[in-house]
Amino acid sequence: MIIINIFTVIVSFAFMEFIAWATHKFVMHGFLWTLHKDHHTKESSGFFEKNDFFFLIFAIPGMLLIYFGLNNGFDIMFFSGIGITLYGLAYFLVHEIFIHQRFKFLKKSESGYLNAVRRAHKIHHKHLQKENGECFGMLWVTSKFYKNTSQS
């Protein structure tokens, strides 16, 4: 049973990369662009952006799955919620701390993978409008972003 639970966490975590990509492409750069726009244009002068509301949108399903799964004896909902929540933690660490430096540490990396992630995100932010964007995911990047990553 423990193998199934671990597998559920891993699959839920991995599936969240697809959910994050689709939500970023079709919701954030779609009908909820008004919340995401300040993340691209830096309209916000404070620490928080309207874009930060997406944290709640993404956190609620994980919290609900954990809550209901806990009340059902640690069933599959609980472990799915754990996977979603761990993805949220990874998102915070990679996107907010490593890429955007909202907290001033983890500025440099010798990791080719992390530098490729940072490079792909820079390409995403080259587009200041909601149309014609690229690189909507966070943890999965194509091989073209691994070239010359030591210079990022």
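Some observations on this one:
- Think of each Lys and Arg Cβ as +1 and each Asp and Glu Cβ as -1; about the Cα centre, that makes the dipole of region 2-151 roughly 680 debye.
- Annotation for region 1-57 versus region 93-117: alpha-carbon center distance of 17 Å.
- Membrane-span-like helices in the chain, defined here as complete DSSP H runs extending at least 18 Å along the helix axis by their C-alpha atoms with mean Kyte-Doolittle hydropathy no lower than 1.0, are 2-23, 53-71, 76-91; this is a sequence and geometry rule, not a statement about a membrane.
- For residue 57 and residue 25, the difference between the fully extended length at 0.36 nm per residue and the C-alpha to C-alpha distance is 10.0 nm.
- Listed by chain and number, the lysines whose C-alpha is less than 24 Å from the C-alpha of residue 147, apart from same-chain residues fewer than 8 away, are 107, 108, 122, 126.
- Within a Gaussian network of the chain (alpha carbon springs, distance under 10 Å), most fluctuating of 51, 71, 115: 71
- Kirkwood Rh in Å, taken over all unlike Cα pairs in the chain: 16.6 Å
- What the Cβ-Cβ distance of residue 71 and residue 147 gives, at R0 = 35 Å and to the nearest 0.05, is a FRET efficiency of 0.10.
- Residue among 85, 54, 137 farthest towards the positive dipole end of the chain, charges placed on Cβ: 137
Each reported figure results from applying straightforward, stated rules to the coordinates on display, with no laboratory input. Computed from a predicted structure; not experimentally measured. Methodologically, a virtual Cβ is constructed for each residue, glycine included, from the backbone with ideal geometry; neighbour enumeration extends over all protein chains shown.
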